[in-house]
Amino acid sequence: MEPRIDLHTHSHCSDGVLAPAALVALAAQRQVELLALTDHDTTLGCEEARAACQAHGIHFLPGVELTCLWHGREIHVIGLNPDIAQPLFIEHCSNVLQLRRQRIARMAQRLSQAGLPGAALSAEALAAAAPTRAHLARALCALGLASSVQAAFDRWLKRGQPGYVASQWPELATAVSCIVAAGGTAVLAHPHRYPLSNGVLRELVGEFKAAGGAGLEVSLAGIAPSAADRLATLARRFDLAGSIGSDFHEPGLPWRPLGRFAKLPDRITPIMDRLGL
Ligand code: AMP
Ligand code: MN
Ligand code: MN
Ligand code: MN
């Protein structure tokens, strides 16, 4: 059997629902052998996850999913196994977390102006290390103001909706070099989810590689075979390795199953080969 690997997961330090130790316990149940915790813009959960992995005999990698901009579009870059104590890396993350807190506070104001209880809606988000729109979406559901997380995004939180506020995240090249300078491996997260034409996606991947990127996420939970083929072609063209992950956030979302996804396509170097494991 293929080794069970999951290099893209979220805990409650960002917008996941499980504590890092609970996430690891679930990974152990699912026989995951190699696990990275990649919360949005924070590594706060990594020590707890590392200790839990040690107890369960799981190989652990610290990680992060950095939010950044490429030509004004929001892009996510996974950093695998950086030195999470490196001062410039810590500074980068804390700057983004500051932007996140400011953004959520502004979104709460917008929601208040639209007649919703902004302060109550943002309380949980602002208590998290990395406050996100997902927290606001769950609060909208909990207060009976939206019927589902998706409905909350569609009605209030998506770009163009009343609660939306943009943020000036760091540039893609800055995020990639921050990961590389901390000794980490940079992976372009879920490239098939960006609303980009083939040509523009190719440009993005080219610039990501030129900035020091090492891999593309190819084997994601639920990815359509045609999307995986498109990404595999890009990975081969730019000599990028393929990464594997679920983007797990919570047990209640069966389409992002911890430790369960398609295997890497043929002739793709596994990212593990570039991690020095
Ligand atoms: P933020 O990084 O604060 O913009 O929050 C975005 C987070 O919300 C993402 O990391 C996803 O986990 C989640 N998310 C984004 N868009 C949607 C959507 N349309 N439906 C459900 N969850 C979403
Ligand atoms: Mn998320
Ligand atoms: Mn992402
Ligand atoms: Mn993610």
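The values are calculated or read from the model by the stated rules, or taken from the named source; none is laboratory data. Since this is a predicted model, take the numbers as computed values, not measurements. Don't worry about glycine lacking a Cβ; one is built from the backbone with ideal geometry, like all the others, and counts go over all protein chains shown. All accessible areas refer to the heavy atoms of the entire protein, side chains included, with ligands and DNA or RNA removed. Shrake-Rupley method; radii C 1.70, N 1.55, O 1.52, S 1.80 Å.
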Checklist entry - Considering the stretch 183-204 alone, what residues qualify as being surrounded by 14 or more Cβ atoms within 10 Å (Cβ to Cβ) and within 16 Å of ligand 3 (Cβ to nearest atom)? => result Ala186, Val187, Leu188, Ala189, His190, Pro191, His192, Tyr194, Leu196, Leu201, Leu204
Next on the checklist: Taking the criterion of being in the same structural domain as Leu35 (by TED's automatic domain parsing), more than 16 Å from ligand 4 (Cβ to nearest atom) and assigned to a helix (DSSP H, G or I), would at least one residue in the stretch 67-88 satisfy it?
Outcome noted: yes
Checklist outcome for this item: From the option list Gly276, Gly242, Gly252, single residue qualifying as open to solvent by less than 20 Å² (accessible area, probe 1.4 Å) and not aromatic (Phe, Trp, Tyr) is Gly242
Checklist entry - Tally time: how many residues in the stretch 14-33 are touching an Asp or Glu at 6+ places or on another chain (Cβ under 6 Å) and open to solvent by less than 30 Å² (accessible area, probe 1.4 Å)? => result 3
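Mind checking whether some residue in the stretch 186-206 is among the β-branched types (Val, Ile, Thr) and within 16 Å of the chain's Cα centre (by Cα)?
yes
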Next on the checklist: Looking at His92, His135 in this structure, which one is touching a residue at least 12 places away in the same chain (Cβ under 8 Å), under 22 Å from Gly252 (Cβ atoms) and not hydrophobic (A, V, I, L, M, F, W, C)?
Outcome noted: His135
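Restricting to the stretch 143-182, count the residues that are away from ligand 1 (no atom under 15 Å from the Cβ) and open to solvent by 60 Å² or more (accessible area, probe 1.4 Å).
Within the stretch 143-182, residues that are away from ligand 1 (no atom under 15 Å from the Cβ) and open to solvent by 60 Å² or more (accessible area, probe 1.4 Å) number 7.
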Checklist entry - For the subset of the stretch 5-45 comprising residues that are among the hydrophobic types (A, V, I, L, M, F, W, C) and in a loop (DSSP other than H, G, I, E, B), which member is farthest from ligand 1 (Cβ to nearest atom)? => result Val32
Next on the checklist: Need a quick list: helices (runs of 4 or more DSSP H) entirely within the stretch 167-277 having at least 1 residues that are free of Cβ contacts under 8 Å to residues at least 12 places away in the same chain.
Outcome noted: 198-210, 225-237
Next on the checklist: Considering only the stretch 217-224, I want to know if a residue exists there that is under 22 Å from Ala241 (Cα atoms) and open to solvent by 30 Å² or more (accessible area, probe 1.4 Å).
Outcome noted: yes
Checklist outcome for this item: Scanning the stretch 82-110 residue by residue, those among the β-branched types (Val, Ile, Thr) and closer than 16 Å to Leu66 by Cα turn out to be Ile84, Ile90, Val96
Checklist entry - Out of curiosity, is Ile90 of a type outside the set (Ser, Thr, Tyr) and open to solvent by less than 60 Å² (accessible area, probe 1.4 Å)? => result no
Checklist outcome for this item: Among helices (runs of 4 or more DSSP H) entirely within the stretch 117-160, at least 2 residues that are farther than 25 Å from Arg73 by Cβ, away from ligand 4 (no atom under 16 Å from the Cβ) and in contact with a Lys or Arg (Cβ under 8 Å, 6 or more places away or on another chain) occur in 118-127
Checklist entry - From the list Glu48, Glu65, Glu2, Glu74, which residue is more than 16 Å from ligand 2 (Cβ to nearest atom), among the acidic types (Asp, Glu) and modelled with pLDDT of 95 or more? => result Glu48
